[in-house]
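Worksheet: one structure, shown below.
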Protein chains: 2
Amino acid sequence: MQSLLWSSVASLLVVSTLPAQTKTIAERLGHPADSKLLIIHADDLAVAHSVDVATFDALDKGAVSSASVMVPTPWITEVAAYAKAHPNADIGLHLTLTSEWDTYRWGSVEAPDKVPSLLDSAGTFPKDEKVVAATAKPLEVEREIRAQIERALALGIRPTHLDSHMGSLFTTPELMATYVKVAREYRLPFLALRGDPRSPPQASLSDKDVVLDAVIIAGPEVPRNQWKEFYLKAIADLKPGLTEMIVHLGRDDSELQAVTVNHEPYGSAWRQRDYEVMTSPEFRKALHDNHVILVTWKELQKLAQRP
Amino acid sequence: MQSLLWSSVASLLVVSTLPAQTKTIAERLGHPADSKLLIIHADDLAVAHSVDVATFDALDKGAVSSASVMVPTPWITEVAAYAKAHPNADIGLHLTLTSEWDTYRWGSVEAPDKVPSLLDSAGTFPKDEKVVAATAKPLEVEREIRAQIERALALGIRPTHLDSHMGSLFTTPELMATYVKVAREYRLPFLALRGDPRSPPQASLSDKDVVLDAVIIAGPEVPRNQWKEFYLKAIADLKPGLTEMIVHLGRDDSELQAVTVNHEPYGSAWRQRDYEVMTSPEFRKALHDNHVILVTWKELQKLAQRP
């Protein structure tokens, strides 16, 4: 499921078509122009308690610098309680239009009769972001992502950024434009990649937008017994600019095994491996040795909100 | 939370004001008139995977004869998959109007703007059935319980009966009347207690309705180290007639500990104890020694549906 997204994301990291900004993000944050800035970002908060405990622990330890939450999923109120107790935790919204697992499904935050093009006959989101691309009406997508933002706010979450679960909002120019429009209205920075051909016309991205130079993500092609090596090499190879490393944390326990049943990629053992590498001394040392500067979306949010 | 319900349920088991039926339920099922009929019923399917695996295991072993599912809760689709794979499993709907835990909350199946009197400002059901009694409009309750039934049917669940989580639908005559009306419309038997003063006027219960003579439930007053003794004594003391023993099964694991955080009664250790007693050889032997006949709601459903 997610692998489709990630491989397509990975293919987008090469071309840079956006005109050079007068100042780099690093300079705008007060760092040397050629700094290696890295957001270590944990996806999928709220999908399961197992994911929440692993991610909260990594946030508490500073092992990840940021995370984002899936508002329509069952443990949203646990994340809201954490967010209220940890107002400095960097938590954004992982806007969600898919429900990818077999026996553990969710649907819209908005009333189903207001977003019928987003739901299947059982009232749940489709499993695949390609279905979203093919069938979701942009107006209903806008309603749903606004409802997710408003529900997060009502629960006391103060999001630092927006991104998109399984990249559903990056699948067509119309959905990407909807996402950018809503993000700007809420004055929130949003995950966007420099040179992404699916982005809205480049003219519509301004110097005030925060655009990532690269994304790093472990895909299904990474050998399971070389997990740590994959991440250590990614850090050694890091280029100057703003990179987001997207990780999926969890515990390989009975809950998460049941959530991810029949799915090895991005499953419970996968998430436990990610957790172990992110909290390992070797990974921490690699960040230090390679002069990596960890940043949060909250810092980037301040840039995005500056008039 | 639930303790309020159960103590109030327990207080209702004494008085019998319904006119004696011409035939007992036992006779209508083909047993001697003075048989001891027992439904062993596991509540709260779908609230957590931990509850589902323990309950599925007990159903598969015949350790419980029936169970009911909370349609608005996160694991509903796992229960639907089980129900479809086990068409003979006796699964009813545990109609739900409360969301009693601290950091794991749910709301209505019906669109929130159609059932505003059922939801708090965060869009979730209240924690306490007394709030339901005080604020829920019967018309909106009817909408919501119909939506729960329709969603279960859409997911492929063929319910054998209806009951009410935390007894919310037993808190006022108006809500009880709504519940009875909807149950009859769907031709489903429903949990009702002989002599319950909160029931609709007794004249409205007919000979065709299945009315329990007693309910057995472990309440907070049961010493935690005398769990098995409580249930063995209940079986030894069982009287002729139709009794439902309501149990709460689960595993004392990290998921269920998180769901039930801050609540010892009906918490994860409680549910593990219930599971252990129900699947124990001593309990099985007590049923046999006391000539208890286990029945299902499906058998009772046939009586209720007979013209």
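The values are calculated or read from the model by the stated rules, or taken from the named source; none is laboratory data. Owing to the predicted nature of the structure, the values given are computational and were not obtained by experimental measurement. Note that we place each Cβ from the backbone using ideal geometry, even for glycine, and neighbour counts take in every protein chain shown.
Quick notes on this structure:
- Among the residues of region A:108-124, those that are more than 8 Å from chain B (Cβ to nearest Cβ) and within 18 Å of residue B:156 (Cβ to Cβ) comprise A:119, A:120.
- Exactly one residue out of A:64, A:51 is within 14 Å of chain B (Cβ to nearest Cβ) and either over 25 Å from residue A:143 (Cα atoms) or acidic (Asp, Glu) (or both), and it is A:51.
- Among residues of region B:71-87 being touching a residue at least 60 places away in the same chain (Cβ under 8 Å) and farther than 13 Å from residue B:149 by Cβ, the one that is nearest to the other protein chains (Cβ to nearest Cβ) is B:77.
For every residue, the table says whether it meets (1) more than 30 Å from residue B:250 (Cα to Cα); (2) outside any loop (DSSP other than H, G, I, E, B); (3) free of Cβ contacts under 8 Å to residues at least 60 places away in the same chain.
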{"position": "A:188", "(1), (2), (3)": "yes, no, no"}
{"position": "A:221", "(1), (2), (3)": "yes, no, yes"}
{"position": "A:229", "(1), (2), (3)": "yes, yes, yes"}
{"position": "A:256", "(1), (2), (3)": "no, yes, no"}
{"position": "A:261", "(1), (2), (3)": "no, no, no"}
{"position": "A:286", "(1), (2), (3)": "yes, yes, yes"}
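- Residue check for residue A:77: over 18 Å from the mean Cα position of the chain (by Cα), in a helix (DSSP H, G or I) and of a type in the set (S, T, N, Q): yes
- Top-ranked residue in region B:52-74 [being farther than 13 Å from residue B:91 by Cβ and either under 13 Å from the mean Cα position of the chain (by Cα) or not basic (Lys, Arg) (or both); ranked as surrounded by the fewest Cβ atoms within 10 Å (Cβ to Cβ)]: B:62
- The listed residue being of a type in the set (D, E, K, R) and either within 22 Å of residue B:65 (Cβ to Cβ) or buried (at least 21 other Cβ atoms within 10 Å of the Cβ) (or both), out of B:105, B:143, B:184: B:105
- Members of region A:34-51 found to be farther than 19 Å from residue A:96 by Cβ and either over 17 Å from the mean Cα position of the chain (by Cα) or β-branched (Val, Ile, Thr) (or both), listed by number: A:34, A:35, A:36, A:39, A:40
- The condition of being polar (S, T, N, Q) and facing chain B (nearest Cβ under 10 Å) holds for residue A:99.
- Considering the conditions (1) away from every other protein chain (no Cβ under 14 Å); (2) buried (at least 22 other Cβ atoms within 10 Å of the Cβ); (3) in a helix (DSSP H, G or I), residue A:163 is excluded by exactly one of them, (3).
To keep it simple, each residue is scored yes or no on (1) within 19 Å of the chain's Cα centre (by Cα); (2) at pLDDT below 95; (3) buried (at least 21 other Cβ atoms within 10 Å of the Cβ).
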site: A:195; (1), (2), (3): yes, yes, no
site: A:199; (1), (2), (3): yes, yes, yes
site: A:241; (1), (2), (3): yes, no, no
site: A:250; (1), (2), (3): yes, no, yes
site: A:271; (1), (2), (3): yes, no, yes
site: A:274; (1), (2), (3): yes, no, yes
site: A:285; (1), (2), (3): no, no, no
